[in-house]
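For reference, the structure is listed below as structure tokens.
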2 protein chains.
Amino acid sequence: MILGTGSSAFIPKISGVELEGVFSLKTLDDAIHIKKFIHNNNCRKAIIVGAGFIGMEMSEAFRMRGIDTAVIDLLPRPAIRWDPEFSKVILEELTRQNVIFSGDTGMVSIEQGKDFRLRLNTTKGEMEADMILIAIGIRPNTKIANDIGLQIGSSGAIQVNFSQGTSKEGVYAVGDCCEVYHRVSHRWVHIPLGDVANKQGRVAGRNIGGGTMIFPGVVGAQSFKLFSLEVAATGLDEAEAIACGYFPVSTIIWGNAFSRMLPGEKRLGVKLVADRASGKLLGAQAVGTIGAVSRINTLSLVLWSGMVLDEIAYVDLAYSPPVGASWDPIHIAAQELMRKL
Amino acid sequence: MILGTGSSAFIPKISGVELEGVFSLKTLDDAIHIKKFIHNNNCRKAIIVGAGFIGMEMSEAFRMRGIDTAVIDLLPRPAIRWDPEFSKVILEELTRQNVIFSGDTGMVSIEQGKDFRLRLNTTKGEMEADMILIAIGIRPNTKIANDIGLQIGSSGAIQVNFSQGTSKEGVYAVGDCCEVYHRVSHRWVHIPLGDVANKQGRVAGRNIGGGTMIFPGVVGAQSFKLFSLEVAATGLDEAEAIACGYFPVSTIIWGNAFSRMLPGEKRLGVKLVADRASGKLLGAQAVGTIGAVSRINTLSLVLWSGMVLDEIAYVDLAYSPPVGASWDPIHIAAQELMRKL
């Protein structure tokens, strides 16, 4: 048996979340309902609660439909997983695209509105809109797992091993409902992403079919697009690194996605986090109009194989002025961070 | 002492190469002379001899100036380092951009032309143009090295060690004049590229200054842009792999630079070469309007750390529909090639 019970959007128990026009976005059906609702009600104004991946991507989707969009979050900055310096760039992009962001703002309740269908009462006052999207995270669906007595990991998701087997022989679990091994923190974590689910499904299928295959884990590579920005990260941030017992040092550099020799500067910010004790890279973040995901994928391979900064600073990348500089932002950041070890 | 004597464009000893309007392109002065010549003579037609990096890049530069451009090469295909399937894409791009390519064609002599300044006699007949660019490779400048008795490697470039030291104590060499360690073939080779020279220079400087630093070598990452195409490669091709004693198998897949879920297909070809005996990746090539260099850089890190296909097929990359698919072309190619092991 394979459990692929997935995850559900987390909806807080506040009054009014059941009102028509309040949505979460997890399934294809959710997306279809939102689209229909916008069309049928000629929505002009939306509030998004939560400034994570879904909140950021949906702010772009709403603006593309010409809908006035506001995003609120309990945390002070959008995309909190990224460095404050990068959150600032993300915030500037939101502002440029007429998305209003309000940080340190919590939901209190939802009720019928006066000028618009719905009113959202927040810790910072009231707002009205035609619709409200709640995107404050998801929870693994573990009811069946609990019912049949499977071990649940400390992350709250189903505990699995390298073959995707659970604590009960013959029972496998894959996708958003289960944990995954993190190759940098060396812990089992809950990173519910579509590409991870795809891979786990294939591994479990192979093993059930009599083959032998292990899922080697993840390094935490992730990305989203926000209007003209690519935002990407991999590995650990400083707080996660400290929690693992590492001694993180970090640096941020601003370089160009392409060579300085060519017109049309494309600014690219790269942050590296390394361990002072071992010199190993622990994590990376990048933000820019182009080239951010490319660098994060390359650095994900660095994390995968456990390389130290000395090597990263001189690693061989495909150089040609239109597509990169002889010293790539990856090299420059690694050299800068070496000085802090 | 550091030797940074560089390399020189190779000019064959045929009659007429000394005529005005015949150029090679190696230095900044060469570029300035070419630009001036085009301007002063209102050039309308150019012939490029050699369809390597320089020949390809200059065909774009000439066409951007509105100059009719023909490229000839002794070899049957442009950019011969790439798979015939990719050469075909490159040839299609040249044709779309009105660059005429003639393969299996050798230079015989150059003389004064009738309708244009110069006539190039080739093994396939005569051609006329206002200017001729000879771009058939470079040779390391080793005269000084020979004069002082330094060991020359089998590639014809100066032999160096991991600290950039030559066979004479206290004498270092860096850049196009010397060899470099190839981490996949485990041989010392001559790969004269700007980024390698930059790194070697820094390593030699550190060691001369009393520090301790080694240059860890290259994996052969390289790229060029040809009009709307990115063309990139890393590691070994099949012939090189066989010469090293490996047992190469390869596959080419055509995927999308981004996810299939979004409109605007961006075709991306990825070729992987692996060793049947060990399952290790040996080389990769990619061609597409976007995303080719990004994949090659990621795969360069794979080569750097010596990963096997099983791992590459499930490696963690930053997934998000606008920037990549849940199964990246890298994963798909690795899975396809696993079946051939």
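In the range A:204-225, which residues are under 20 Å from A:Leu301 (Cβ atoms) and more than 7 Å from chain B (Cβ to nearest Cβ)?
Applying the first criterion (under 20 Å from A:Leu301 (Cβ atoms)) to the range A:204-225 yields A:214-223.
The answer is A:Ile214, A:Gly217, A:Gly220.
Going through the range A:315-341 one residue at a time, which ones are more than 7 Å from chain B (Cβ to nearest Cβ) and not in a loop (DSSP other than H, G, I, E, B)? Break it down into steps so the answer makes sense when it comes.
Taking the range A:315-341 and keeping what is more than 7 Å from chain B (Cβ to nearest Cβ), we get A:321, A:325, A:328-341.
Passing the criteria: A:Pro329, A:Ile330, A:His331, A:Ile332, A:Ala333, A:Ala334, A:Gln335, A:Glu336, A:Leu337, A:Met338.
Run down A:Thr5, A:Thr69 and say which single residue is in contact with a Lys or Arg (Cβ under 9 Å, 6 or more places away or on another chain), over 24 Å from A:Gly103 (Cβ atoms) and buried (at least 19 other Cβ atoms within 10 Å of the Cβ).
On the way: A:Thr69 fails: over 24 Å from A:Gly103 (Cβ atoms).
Being in contact with a Lys or Arg (Cβ under 9 Å, 6 or more places away or on another chain), over 24 Å from A:Gly103 (Cβ atoms) and buried (at least 19 other Cβ atoms within 10 Å of the Cβ) holds for just one of A:Thr5, A:Thr69, which is A:Thr5.
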For the range A:80-98, how many residues are in a helix (DSSP H, G or I), of a type outside the set (A, V, I, L, M, F, W, C), touching a residue at least 12 places away in the same chain (Cβ under 8 Å) and crowded, with 18+ Cβ neighbours inside 10 Å?
1
Cβ pairs under 6 Å, 6+ apart or interchain, first in the range A:267-286 and part of a loop (DSSP other than H, G, I, E, B), second buried (at least 24 other Cβ atoms within 10 Å of the Cβ), ordered by first then second residue, are A:Gly279/A:Leu309
Checking A:His39 against (1) more than 30 Å from A:Lys271 (Cα to Cα); (2) touching a strand residue (DSSP E or B) at 6+ places or on another chain (Cβ under 6 Å): exactly one of these is not met. Which one?
(2)
Count, please, the residues in the range B:118-135 that happen to be assigned to a loop (DSSP other than H, G, I, E, B) and crowded, with 20+ Cβ neighbours inside 10 Å.
2
Any idea which residue in the range A:300-314 is farthest from the other protein chains (Cβ to nearest Cβ), counting only those that are surrounded by fewer than 20 Cβ atoms within 10 Å (Cβ to Cβ) and in contact with a Pro (Cβ under 9 Å, 6 or more places away or on another chain)?
A:Asp310
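Could you count how many residues in the range B:158-198 are in a helix (DSSP H, G or I) and either touching a helix residue (DSSP H, G or I) at 6+ places or on another chain (Cβ under 8 Å) or assigned by TED's automatic domain parsing to the domain that holds B:Val273 (or both)? Step through it out loud before you land on a result.
At the first step, the residues of the range B:158-198 found to be in a helix (DSSP H, G or I) are B:175-177, B:194-198.
Imposing the further condition that a residue be either touching a helix residue (DSSP H, G or I) at 6+ places or on another chain (Cβ under 8 Å) or assigned by TED's automatic domain parsing to the domain that holds B:Val273 (or both) reduces the set to B:175-177, B:196-197.
So the count comes out to 5.
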Is it true that some residue in the range B:228-240 is more than 8 Å from every other protein chain (Cβ to nearest Cβ), in a loop (DSSP other than H, G, I, E, B), surrounded by fewer than 20 Cβ atoms within 10 Å (Cβ to Cβ) and on the phi < 0 side of the Ramachandran plot?
yes
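To keep it simple, each residue is scored yes or no on (1) over 21 Å from the mean Cα position of the chain (by Cα); (2) at pLDDT 95 or above; (3) facing another protein chain (nearest Cβ under 8 Å).
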position	(1), (2), (3)
A:Phe247	yes, yes, no
A:Ala257	yes, no, no
A:Lys280	yes, yes, no
A:Thr298	no, yes, yes
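Residue under question is A:Lys45, and the condition is that it be of a type in the set (Lys, Arg), at pLDDT 95 or above, crowded, with 17+ Cβ neighbours inside 10 Å and over 30 Å from A:Ser163 (Cα atoms); does it hold?
On the way: of a type in the set (Lys, Arg): yes; at pLDDT 95 or above: yes; crowded, with 17+ Cβ neighbours inside 10 Å: yes; over 30 Å from A:Ser163 (Cα atoms): yes.
So A:Lys45 fits the description; yes.
Determine whether A:Ala61 is in a helix (DSSP H, G or I) and among the aliphatic types (A, V, I, L, M).
On the way: in a helix (DSSP H, G or I): yes; among the aliphatic types (A, V, I, L, M): yes.
Yes, satisfied.
The values are calculated or read from the model by the stated rules, or taken from the named source; none is laboratory data. Since this is a predicted model, take the numbers as computed values, not measurements. Neighbour counts are summed over all protein chains in view; Cβ atoms, including those assigned to glycine, are modelled from backbone coordinates with ideal geometry.
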